[in-house]
Each structure stands twice: as C-alpha cells, then as structure tokens.
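Novice: My structure is below; once you've seen it, I'll send some questions.
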Amino acid sequence: MINCSSIATICFFQAVLVGYISSVNIVNTRIDYEINDYTGRSCTVQKFFDDDNPPETIPENTYVRVVGQVRTFNESKSVVAFSITPIEDMNMLTAHMMEIIYSHMLLRSNAAGGVSTAITSKPQGDVSTEINRVVASCNNSDGITAKEVHSKLPHLSLDSVIKAMDRLLQEGYIYSTVDESHFKSIDA
C-alpha cells in the first residue's frame, strides 16, 4: 500500500507550505517548527541536521516557505523539510495563495470531466532543466555537487550552475543529502 497524502483523488508526497512559525522546538538531531498557514490548524515541519553541525533556528513569528516530504506517523501528518526559507517579500504569500486557488480549480475541473491528472511543475528555463536532468541522473547515494554538475555541463560557468542549483533547491526540485554540497533530484 502506498503511504501518501491526498486531496480529492490526487495522491501526493511533497508539499509547499507558506505560513508563519508559531513555535520552535529543538529535539536531538532535528528542529520542529509549528507552521500556521491559515488553514485552521498548524503543521509540524521537521528539519533534520547532523549532531556536529546544528543550523541556526528561524525565530518564531517569521513567515517562511517550506518545501518538503509529507509523512504520516500514528495518524498524524508532518512535513520533513528539504528547504525552509524566510519570506522577505510578502508578495510570495499572495502568489502562494493564488497557486492554491488555481490548483483547487484545476482539480475540480478535472473531477467534473471525469479525468484525473496530477498537477506537476517542471523547472523553468533551459539551464535549470538541463541541470535538474544531470542531478536526476546521478546514481551516487550521496548525491552530486555543483562542481560535478559543472564538469558534465562545461558550456555553463560554475557560477551559473551554483545559482541555478540554488534556485532548484529553493523551489523544491532538488534537495541536500549528506551535507549542504551534495544534492539529489526529486525526479530521481
């Protein structure tokens, strides 16, 4: 049986949340954030870290964008974060709400027509698509570094590879693995 979350008839494993941090709790090798996204109940977001290198916590009452994997344990849902980014431009909150409305309308129109299709998005731009393809093709369990991606795409500058990988990370297309330098693609 596939353990996924669902909305209507669409099964999903990843989510993007935008809301504010209502509480922060550090537990062993993870930070638990309670995120209030104005849906009526808070969501627990877990960000794991190495014992030796705990990251700085994001303070309470900060608006954040979270990209992560939805998990269910004992009938309770949580999100294991690939990325938690403080929001500096409140237009991101408005844009996120518009995406939710659009997705909801798309789901309703597909349900009414008897057709159910998954809502997917792909990285925007040829460079991002090319880099995501290289990251997805990596068979190393530790992932791939920006320098390794650059060696496979020598026509791109290392700086442009790093910037594009940072965008892919922030948008949730890739995630860090063993450290902040190694990445895997969600398409792998």
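Novice: Looking at (1) at pLDDT 80 or above; (2) in a helix (DSSP H, G or I); (3) more than 20 Å from GLN14 (Cβ to Cβ), find the lone condition where SER109 falls short.
Specialist: Here SER109 meets the rest and fails (1).
Novice: Starting from segment 37-53, take each residue that is at pLDDT 75 or above and among the aromatic types (Phe, Trp, Tyr) and list its partners that are in a strand (DSSP E or B) and surrounded by 10 or more Cβ atoms within 10 Å (Cβ to Cβ), counting only C-beta distances under 8 angstrom and pairs at least six apart or across chains.
Specialist: TYR38/GLY19; PHE48/ARG30; PHE48/VAL80; PHE49/ARG30; PHE49/ILE31
Novice: Which one is surrounded by the most Cβ atoms within 10 Å (Cβ to Cβ), of the residues in segment 1-36 that are modelled with pLDDT of 90 or more and among the hydroxyl-bearing types (Ser, Thr, Tyr)?
Specialist: That would be TYR33.
Novice: Yes or no: segment 165-182 includes at least one residue that is over 24 Å from THR29 (Cα atoms), aliphatic (A, V, I, L, M) and not in a loop (DSSP other than H, G, I, E, B).
Specialist: Yes, because at least one residue in segment 165-182 is over 24 Å from THR29 (Cα atoms), aliphatic (A, V, I, L, M) and not in a loop (DSSP other than H, G, I, E, B).
The values are calculated or read from the model by the stated rules, or taken from the named source; none is laboratory data. Just so we're clear, the structure is a prediction, and the values are computed from it rather than from any experiment. A quick note on method: Cβ atoms are made from the backbone with ideal geometry, for glycine too, and the neighbour counts reach across all protein chains shown.
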